[in-house]
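Encoded as structure tokens, the structure appears first; notes follow it.
The values are calculated or read from the model by the stated rules, or taken from the named source; none is laboratory data. Only a predicted model underlies this, so the values are computations on that prediction, with no experimental measurement involved. Neighbour counts run over all protein chains shown; Cβ positions are idealised from the backbone, glycine included.
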């Protein structure tokens with residue numbers, strides 16, 4: 001059962017792993033086969049035959065079926081959380097809607113409103129739909145992106161495991177560790193950007209394997225664009241992209257391609273995310289005056305600060321809280337097994353490239369090491385890695401496949417339950433609920449007394465409240481914030497001529513920049529009176545002109 005096709009400088013044939021001469025007809029076990037290149041006139045195509053290591057085309061419909069099921073189920077779950085009132089409970093879910101909306105709805109609309117703290121792709125994708133008030137107030141357009149991203153991630157994870165192991169059972173059980181995770185299900189029901197990150201990084205690692213495997217320009221271009229898109233979604237993608245390129249290059253070299261060819265093939269991929277990164281740095285410089293915003297958005301408060309081992313333990317603890325110890329250990333064993341396989345069988349070395357997804361853990365480790373408060377959400381991008389590892393573990397051995405599958409079913413059965421109201425991320429998303437209810441007093445005063453004069457507020461701390469105020473008819477153009485350039489800077493020196501109202505966050509993270517400014521310069525608010533407060537937010541109104549002092553608040 002040999003198979004021959006033409007491929008650039010060589011011929012392909014299917015042989016049993018470890019069989020004798022590649023150019024002789026060899027009996028093939030159809031359940032376990034690999035591609036081996038036979039050179040005609042030139043060197044073998046580096047990377048050829050390495051990924052995927054095994055295939056079973058009879059099950060090619062499985063990823064599509066699971067993806068469709070994920071889309072349907074994800075939509076139902078999104079409706080469930082909408083009815084529960086939790087869709088926009090996380091403050092960042094509202095803030096992402098604000099950043100997308102403000103590009104058009106702003107005192108100074110335009111590209112400068114894209115900002116530089118968050119990466120731009122999620123907001124650019126939602127920029128047009130979110131201008132519709134209904135989509136902005138409900139987050140519906142962003143939720144559609146999240147649900148579709150969830151479906152794409154299920155599709156790609158299934159394909160990876162199925163093509164490496166040839167086992168539909170392993171692929172299905174592995175992806176269930178991701179698709180049935182209550183925290184993942186909640187997150188894909190919100191406007192958060194992690195679902196898009198997981199979809200793009202999973203797609204990038206799969207397409208990159210194809211690019212390393214074949215090297216054709218069209219395949220390389222497709223993989224490069226996926227890497228660039230991932231790099232513009234969330235910062236967790238940056239170490240993943242570096243890991244994909246680094247591991248891919250090393251595996252080509254390990255397969256005997258030579259250092260030069262391996263570097264050349266990798267460089268053809270690398271310039272896509274490199275160009276995306278340069279574009280973002282230029283955007284950052286043009287919008288905020290810095291090449292890269294590194295701090296100022298959190299108060300160091302973590303026992304892992306300056307303790308690298310403790311920071312690593314925090315990441316592992318967070319992952320096990322999101323999944324469970326059995327699932328996390330199961331996944332880790334599968335990843336270790338893949339590495340051992342790649343070392344022992346050089347022609348299958350590229351199966352370790354998908355393990356680059358584990359590099360997402362470097363960002364929370366770095367954040368915790370520098371004192372960033374612990375957030376369970378930062379470990380969500382590692383859940384697909386657990387699913388991938390579990391699928392690889394189950395499919396690694398035909399002899400032990402059924403016992404391992406039974407163990408995986410038990411781990412899933414006793415692991416986190418879908419739609420668990422006590423899931424860590426669901427609880428973390430509701431931290432702001434008490435403050436949101438308290439802010440209703442401020443909203444009530446604004447609705448009653450607002451005279452359509454500009455309201456000064458720091459978007460870095462109160463973007464979520466600006467989105468809440470949209471239900472009362474407020475637009476983002478009614479607010480003066482950091483994205484308004486020189487007007488904002490002038491108001492920081494002397495607000496009276498520019499704004500009639502000021503909103504100050506006084507509690508979260510020790511207070512926002514306006515709270516800090518008021519503490520440093522008491523006269524900053526001298527010509528304003530405090531008229532409402534609640535939920536950690538204070539509202540100040542400019543005094544009547546006859547009551548205003550003559551000196552600036554300096």
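General observations
- Reported count of residues in the range 175-216, each being without any contact (Cβ under 8 Å) to a residue 24 or more places away in the chain and farther than 18 Å from residue 163 by Cα, is 1.
- Residue 129 assigned by TED's automatic domain parsing to the domain that holds residue 338 and in contact with a helix residue (DSSP H, G or I) (Cβ under 9 Å, 6 or more places away or on another chain): no
- Screening residue 311 with (1) surrounded by 14 or more Cβ atoms within 10 Å (Cβ to Cβ); (2) more than 22 Å from the chain's Cα centre (by Cα) gives one miss only, at (2).
Residues are listed down the side, and each one gets a yes or a no for (1) buried (at least 20 other Cβ atoms within 10 Å of the Cβ); (2) outside any helix (DSSP H, G or I); (3) in contact with a strand residue (DSSP E or B) (Cβ under 7 Å, 6 or more places away or on another chain):
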| residue | (1), (2), (3) |
| --- | --- |
| 445 | no, no, yes |
| 462 | yes, no, yes |
| 489 | no, no, no |
| 503 | yes, yes, yes |
| 540 | yes, yes, yes |
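- Selection of the range 255-276 for residues being surrounded by fewer than 17 Cβ atoms within 10 Å (Cβ to Cβ) and touching a residue at least 40 places away in the same chain (Cβ under 8 Å) yields 256, 258, 268, 271, 275.
So that you can scan it fast, the table gives a plain yes or no per residue for (1) more than 26 Å from residue 180 (Cβ to Cβ); (2) free of Cβ contacts under 8 Å to residues at least 60 places away in the same chain; (3) part of a helix (DSSP H, G or I); (4) not assigned by TED's automatic domain parsing to the domain that holds residue 204:
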| residue | (1), (2), (3), (4) |
| --- | --- |
| 95 | yes, no, yes, yes |
| 108 | yes, no, no, yes |
| 117 | yes, no, no, yes |
| 134 | yes, yes, yes, yes |
| 143 | no, no, yes, no |
| 152 | no, no, yes, no |
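- Residue match in the range 508-529 (condition: surrounded by fewer than 21 Cβ atoms within 10 Å (Cβ to Cβ) and within 30 Å of residue 134 (Cβ to Cβ)): yes
- Subset of the range 508-554 (residues that are touching a helix residue (DSSP H, G or I) at 6+ places or on another chain (Cβ under 9 Å) and either modelled with pLDDT under 85 or outside the structural domain of residue 461 (by TED's automatic domain parsing) (or both)): 508, 509, 510, 511, 549, 551, 552, 553, 554
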